[in-house]
1. In the stretch A:5-84, which chymotrypsin sites (Phe, Trp or Tyr not before Pro) fall in coil by DSSP and have 15 or fewer other Cβ atoms within 10 Å?
2. In degrees between 0 and 90, to the nearest 10, how far off the longest principal axis of chain A does helix A:82-105 point, with axes built from Cα atoms?
3. Given Cα positions, please report Rg to Rh for chain A, the hydrodynamic radius being the Kirkwood one.
4. What Kirkwood hydrodynamic radius, in Å, does the stretch A:10-117 give when the mean of 1/r is taken over all pairs of distinct Cα atoms and then inverted?
5. Starting from a Cα-only point model with no solvent, please compute log10 I(q)/I(0) by Debye for the stretch A:142-253 at q = 0.11, 0.21, 0.23 1/Å.
6. Quick check on my link table: of A:Lys103/B:Lys165; A:Lys154/B:Lys143; A:Lys10/A:Lys154, which ones sit more than 28 Å apart, alpha carbon to alpha carbon?
7. Order A:Asp14, A:Asp82, most accessible first, counting only protein heavy atoms with a 1.4 angstrom probe.
Amino acid sequence: MAQEDFDYTKAYKDYVFTQDVYQKAHGDYLLARSQYLDAQTLASQTKAQASTVAMLRARDDVMVTYFTVVRMRLAETDGISDTEKNSLYGRLDSEIAWFQAHKDGISSAASLDDLVVDSSEAAKRFTAIEPLIYEVLGTIPIGRVETLRTSINKILAQIKTKIEEIRVNGDHDTTNAERWTIETENKITRSLDKSIEAQKIIYSFQGIEERDLRQMDLNKEYNGAITILQESNQLLRESASYMREIVKQIKTKS
Amino acid sequence: MNPDLPQPVTPQPPVHAPAPQIPSELAPLPVPEIPKTSRPNPLSRLKSFVSSIKIKKGEESPVSPTTKMSIKRLVILLAAIFFVIIMVAVAFKLLTNKSAVIVPTPTPTPTATPEVLVPSAYADDEDVLAIEAALDYLEGELKIVSLRDDEIAIPLLDWEVSFEK
């Protein structure tokens, strides 16, 4: 029951909460670190250890809730195949488990050097999973555009059926409406081409080697894919306006 | 001498100076004798003037310097009058042209006449109305769709933990 009630909104609230906790813990860590580096006393060291442990745990919590909120967004997005979703769920769940385990592995008694190593492990992991995050963030809008295109195709099919019916009746000229139908189909096809182009960019994030990651600007690639999807969406809007014209022609005498 | 008797008229000096000596080469034209007491006839003066300018090339003009000055002044005067006429004509032409410039009149702007739509037999068709409703919904979705989830962008975290100065 609790699992059923859990949705994107709740996941997002958790994420925002953990971010607040992290911001406070990070502030404490910076202060304690500064005091330790200045004083180099046992007391300042103990305080620095405690604040670092709190900050590292809070940071892992942010990652866990972040992956959860992204997972929920993916789950609530239509237009993505179940196979694709399940593949992404599996990889996200794996990361959630890793950060959860990492958090649990941070010992309160760890030395400052141990904590630095703990932090480095998480940092390395984060760098390695960045492509996965961009892949999910890119797949979600692809699904949204796909959903809209499916709706447009459905309406266009209804329009074509109606035009055929009118043409058989022979009581209304359908020449113009048929011409507009072809134009609408062209727009939808071009929109699909744009989506495929964006999809190729997003899918290219899979299996990127660590050495390639250093040369690749993932954020730039992701933004490029989003721009292409916006063009795809614009073509859908144009096709919708064409269909509006078809309906107008059907409803009025020529 | 009796003072009561009319006195003989004493010869008076001529009113006009005697005509200038015409060079011997020029055929002297008979100049009509002008009555000494009356004013000279304009026609005779003109004839005299014309005859005076009928001189051969290379010969010294028999026209007096005063006459020459008069001619010069006349020519200048005529040139000035001619110039003024030309200027007036040019000015008139310009003004006429200026006034001929077409004054822009407001062009009639076409006002959008409301399109008269005559409803067809399918204006109230159930299927067509359903398609229209679906289109309304779809257009709304197309307008509001968000392709960039900024609220779930990658979090900015501090991954550089160290205790070295």
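The values are calculated or read from the model by the stated rules, or taken from the named source; none is laboratory data. Here the structure is a predicted model, which is why all the values come from computation and not from measurement. No Cβ is skipped: glycine too gets one built from the backbone with ideal geometry, and neighbour counts run over all protein chains shown. The area values use the complete protein model at the heavy-atom level, side chains included, leaving out ligands, DNA and RNA. Shrake-Rupley method; radii C 1.70, N 1.55, O 1.52, S 1.80 Å.
1. The qualifying sites are A:Phe6.
2. 10
3. Taking Rg over the Kirkwood Rh, I get 1.20.
4. Numbers: mean 1/r = 0.0649 Å⁻¹.
Evaluated over the stretch A:10-117, this radius sits at 15.4 Å.
5. -0.47, -1.03, -1.14
6. A:Lys10/A:Lys154
7. A:Asp82, A:Asp14
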